[in-house]
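The values are calculated or read from the model by the stated rules, or taken from the named source; none is laboratory data. Note that the structure is predicted; figures quoted are calculated from it, not measured. Virtual Cβ from ideal backbone geometry, glycine too; neighbours counted across all protein chains shown. Ligands, DNA and RNA are stripped out before the accessible areas are found, and what is left, the full protein with its side chains, is counted by its heavy atoms. Shrake-Rupley method; radii C 1.70, N 1.55, O 1.52, S 1.80 Å.
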Amino acid sequence: MNRRYRKTVIAGNWKMNMTATETKKFAEDMKKIMPRVKWCETLICVPACNISTAIKAFKDLRISVGAENVYFEEKGAYTGEVSADMLKDLGVKYVIVGHSERRQYFCETDTTVNKKVHAVLNAGMNPIICVGESLEQRETGITDEWIALQVKSALYGVPADKLRRCIIAYEPIWAIGTGKVAGPDEVLATHAVVRRLLCERLGETGNRIPILYGGSVKPANAGNLIGLDNVDGLLIGGASLDAQSFVQIIRA
């Protein structure tokens, strides 16, 4: 990574895990071992029902709270959905947009991802935009084209001044929750594609947008991953549910 341009971002994604009670217990465990974080931005994206609890529990830990999803309409008859303004009002700073599980299980498309990016930015929050390829797409040699399409689609119509608040997270779908991790050459190549696209769109400002890696990140591999060029942080799934593991990754 290049700290001259970008601060390291360590982001947890709890997915559909942790009750409010468990969130409080996690915070208590973190208070005992959390280092003074000056070198990176640390955040955890929690289930919507845990956001208020997490904001109160994490306030002394310098851990920002993010949401795992958002709906793109401001309000209306959309039973069960949560708007960007609702999240902002709670104190949310970051929102994961376009995670592969949302695309796979809830039929999100590049078009809806783009709408959500606009909604998050218009509410003054920071989108963590997920992109990634399946094993079949990688094996057929279309990874670069696929990732480029996802990035361009997600950022379509976003003004340059708002693009600086975006974070891109590369998560190879075949590595999420499988224990497999993309090799250094694969990570370097794909992150370079994303960086090139950002710089083509924004010029020098493109160097200021963090690109995270996600996909079976653990304490054992975090240090090697974060040391790669254009890897500006990590999006962590299962390992972020355990305070000890999460702190080990932060220290890495």
Query raised in the report: Looking at G98, V120, A57, which one has the Cα that reaches farthest to the positive end of the dipole of the chain (charges on Cβ: Lys, Arg +1; Asp, Glu -1)?
Result: A57
**Report entry** Set of lysines with alpha-carbon distance to K7 below 22 Å, sequence-local pairs under 8 removed
**Finding:** K38, K59, K93, K162, K218
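Net charge near C107: determine it from the other residues with C-beta under 15 Å of the C-beta of C107, scoring Lys and Arg +1 and Asp and Glu -1.
Details: positive: R102, R103, K115, K116; negative: E81, E101, E108, D110.
It works out to a net charge of 0.
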Query raised in the report: If you place +1 on the Cβ of every Lys and Arg and -1 on the Cβ of every Asp and Glu, how big does the dipole about the Cα centre of the chain come out, in debye to the nearest 20?
Result: 1100 debye
Query raised in the report: So which residue, out of G80, G238, G183, gets the largest mean-square fluctuation from a GNM of the chain using Cα contacts under 10 Å as springs?
Result: G80
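So, with a 1.4 angstrom probe, what is the percent of accessible area on the chain that is carbon and sulfur?
It is 50 percent, rounded to a whole number.
Run the helix sum for the chain: -39,500 (n - 2.57) per DSSP H stretch of 4+ residues, divided by residue count, reported at 222 nm to the nearest 500 deg cm²/dmol.
Numbers: 11 runs with 106 residues, N = 252.
The helix contribution divided over the chain gives -12000 deg cm²/dmol.
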Query raised in the report: At q = 0.09, 0.13, 0.16, 0.17 Å⁻¹, what is the log10 ratio I(q)/I(0) for the chain, with the Debye formula run over Cα points and no solvent?
Result: -0.35, -0.77, -1.21, -1.38
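Which sequence of C107, C199 reflects their accessible areas, 1.4 Å probe, from the largest down?
Values: C107 105, C199 40 Å².
Reading off the accessible areas and sorting them downward yields C107, C199.
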Report summary line: For R195, the accessible surface traced by a 1.4 Å probe with all protein chains present amounts, in square angstrom to the nearest 10, to 10 Å²
Report task. Take the alpha carbon gyration tensor of the stretch 140-182, find the square roots of its eigenvalues, order them as a ≥ b ≥ c, and report rounded if a/c is under 1.5; if not, report prolate when a/b exceeds b/c, else oblate. Result -> oblate
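Give the ranking of T109, T21 by solvent-accessible surface, highest area first, calculated with a 1.4 Å probe. Don't jump to the answer; show the numbers that get you there.
Values: T109 65, T21 105 Å².
Reading off the accessible areas and sorting them downward yields T21, T109.
Rank W14, W174, W39 by accessible area, highest first, at a 1.4 Å probe radius?
Numbers: W14 0, W174 40, W39 100 Å².
Solvent-accessible surface, decreasing: W39, W174, W14.
If you take the Cα atoms of the stretch 72-134, find Rg, then find the Kirkwood Rh from the mean of 1/r over all pairs, what is Rg/Rh?
On the Cα set of the stretch 72-134, Rg over Rh gives 0.96.
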